[in-house]
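In what follows, a structure is listed as structure tokens, so that the remarks can point back to it.
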Amino acid sequence: MAESITPNAISTIIANPSPDSSDLVVQVVDLLAIGKRYKFTASDGNMKLKAILPPSYSSEIETGSLQNLGLIRILNYTLNEIPPKMEKCLIVTKFEVVTPVLDTEIKNDSEIKNVTEIASETKRVEPGIILKPKNENGIQLKPKQEVVTKSAAEILHEQHGNNAPSARMGMTRRVYPLVSLNPYQGNWTIKVRVTSKGNLRTYKNARGEGQVFNVELTDQDGTQIQATMFNEAAKKFYDKFELGKVYYISKGTLRVANKQFKTVKNDYEMTLNENSQVEEVAEEGTFIPETKFNFVPIDELGSYVNGKELVDVTGVVVNVSPTLSIRRKLDNESIPKRDITIADESKKTVVVSLWNDFATSVGQELLDTVDTAPIVALKSLKVGDFQGVSLSTLGKSTVLINPDVPEAKKLRSWYNTEGKGTSMDSVGSGVVSNTSRNGARSMYSDRVCVSHITSNPSLGEDKPEFFCLKAYISYIKPDQTMWYRACKHCNKKVTEAIGAGSGYSCEACQRNDSECNLRYIMVVKVADSSGEAWLSVFNEQAEQIIGCSAEELDKMKKDGNENLFNLKLKEATWAPHLFRVSVTQNEYNNEKRQRITVRAEAPLDFVAESKFLLEEISKMQAS
């Protein structure tokens, strides 16, 4: 079996750190998983070398096609030096399995040495001097290299000749696969296609104002990486990068990817500065790459609320609002916004806020065609907790109308045959998923009692904290301000316009209307076996609790039906509810106070509650 290993394979790798191809068989020793990658020690029976396999080949190991002590044929690789000790590390970018596993490690008669050990034994000598073995005397100098004198014209000619087109440069330069790159590498060049391009955005922070945009790059192996450019680099490369075109890129830097902002599956992200080199590959054809989606059903969005992970969704557009002008608190700048409501086969709806160009371009197209119930596919959306669950576009988001994907076709068929006449609820109005990805509901996975919140005044100091309660509404103050006048377009608070018959003015969307809506904003006292607390409740949840709209309750009061008004409030008390609440800290008269806000509400499901209690009892017995 030892003949299967390429003799002196490790020495060959060290002597040729970046070959165009190879055909070396080594044994895999000490195979170990590190995140999504696998590291091992490559052995040829005489020498060993630390090595890493790319994530794209992890299936070979997970299926058992390659195991510890197996043999692989290395077809392509890169040899890197990892600081601070500058240890050599073999990055295997392409290989094939020769033998899945052997019984023992292959060793020659002499002891196997690690490359690091051999390097430490090697004496350091001055360049140009070769030391002879110990049993010989003297030293041998390298022959002096011949110096060729060139004229200025010859030098200029050579420099001009170096400005070759990218096709000729591509034949001579060493192109690295994306999977081989790491933050410790020095010079590299990659050949990639732009598969996604974000908008040029302006930002402000403590260091000042700047511009930023990012692109998603894909190489011929299908590996992706996100590249970000700031300020001068953003201005320099924004017009140069075009969707679908191929480029040579060099002189960039890599770092560990920030999970909050990354949109591709790669452990690293790239940053390009004004000194980076970006060169279009002219001979490569341009095509708009197919956008890859990983759709999340609408009824499972609750598990992503206020998380760092972005989501992809698809749905039937059932409503489109007019464009609103929202004034940003950061810089008081007005930006366009448009809300669309989409539904899917889970029979749930969710509101998606389209911002900036999405609101004015795609949003207008959806408004014009909403009567035909178009299908939309949206990529890289942020999940918020407004009205329980809501979605928002970002600069890096993608919105496609009636996309040619199987999920859209299936959704269209469902809507035409069944969905059009089906009654649907908002995903935020019922039980919301929180931390579980396996379908468990947050009302049963994140449960606390009332006293857990009220006895911890520091909750919500740094950021909102979320909990679930099972409680009874014990009291609703009848003399409180229970609703506000709201704009019919954006639901923001309106004021009475100056002048007779002027109606109502909305500062948020700069509109004047003759009428307005009434929307609940109230507080209720809830109680459980541990204590009491006041909860702030908004319109959607209040309507479910009271059983009627704010306008209907207001009409009872105006018509003088005080008894009916009070009866309606009384009927809403002492019924069990499940609440999803957020806990924050507000300052009032220089004193910090807890604010508990209802984000979602659902009536108690006794069957589900019984199952939950039985599971809790089983856990207690097991412990």
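The values are calculated or read from the model by the stated rules, or taken from the named source; none is laboratory data. Everything numeric in this text was worked out from a predicted model, so none of it was measured. Quick reminder, even Gly has a Cβ in these numbers, built from the backbone with ideal geometry, and neighbours come from all protein chains shown. With ligands, DNA and RNA removed, areas are computed over all heavy atoms of the protein, side chains included. Shrake-Rupley method; radii C 1.70, N 1.55, O 1.52, S 1.80 Å.
A few remarks follow.
- Per residue, the accessible area of the range 298-426 comes to 46 Å², computed with a 1.4 Å probe over protein heavy atoms only.
- Hz values of 3J(HN,Hα) by residue in the range 61-71 - Karplus curve (6.51, -1.76, 1.60), Gly and Pro given as x: 7, 5, 8, x, 5, 10, 10, 4, 6, x, 10
- In terms of the mean number of neighbouring beta-carbon atoms within 10 Å, the peptides 603-613, 246-256, 293-303 order highest first as 293-303, 246-256, 603-613.
- Entries of Lys492/Lys525; Lys235/Lys396; Lys347/Lys611 with Cα pairs more than 19 Å apart: Lys492/Lys525; Lys347/Lys611
- Whole-Hz couplings from phi, Karplus 6.51/-1.76/1.60, listed for the range 533-550; x for Gly and Pro: 7, 9, 10, 8, 10, 9, 4, 4, 6, 5, 4, 5, 6, 6, x, 7, 7, 5
- For Tyr77, the amide hydrogen comes within under 5 Å of the amide hydrogens of Thr93, counting only partners 5 or more places away or on other chains and with H modelled in the peptide plane.
- Residues with amide H under 5 Å from that of Glu87, placed H, sequence gap 5 or more: Ile82
- When the charge dipole of the range 527-623 is built from unit charges on Cβ atoms (+1 for Lys and Arg, -1 for Asp and Glu) and taken about the Cα centre, the candidate among Ala533, Asn586, Leu567 whose Cα reaches farthest toward its positive end is Asn586.
- Other residues with beta-carbon under 9 Å from the beta-carbon of Ala227 carry, at +1 per Lys or Arg and -1 per Asp or Glu, a net charge of -2.
- For the pair Ser361 and Asn205, label points projected 7 Å from Cα toward Cβ lie 2.7 nm apart.
- Trypsin sites (Lys or Arg not before Pro) restricted to the range 35-105 and DSSP loop, no more than 15 other C-beta within 10 Å: Lys36, Lys85
- Alpha carbon centroid spacing (whole Å) that separates the range 11-49 from the range 340-372: 52 Å
- In terms of the mean number of neighbouring beta-carbon atoms within 10 Å, the peptides 489-498, 593-602 order highest first as 593-602, 489-498.
- Relative packing of peptides 548-556, 373-381 - highest average C-beta neighbours within 10 Å first: 373-381, 548-556
- Scattering curve values for the range 298-426, log₁₀ I(q)/I(0), Debye with Cα scatterers, q = 0.20 Å⁻¹: -1.20
- Mean separation of Cα contacts under 8 Å, 6 or more apart, over the residue count of the range 292-406: relative contact order %: 28 percent
- The Cβ shell under 11 Å around Glu543 holds other residues with a net charge of -3, Lys and Arg each +1, Asp and Glu each -1.
- Integer Hz, Karplus 6.51/-1.76/1.60 couplings in order for the range 246-254, x for Gly and Pro: 10, 9, 8, 10, 8, 6, x, 10, 10
- Net charge, Val494 excluded, C-beta distance under 11 Å - Lys, Arg +1, Asp, Glu -1: +2
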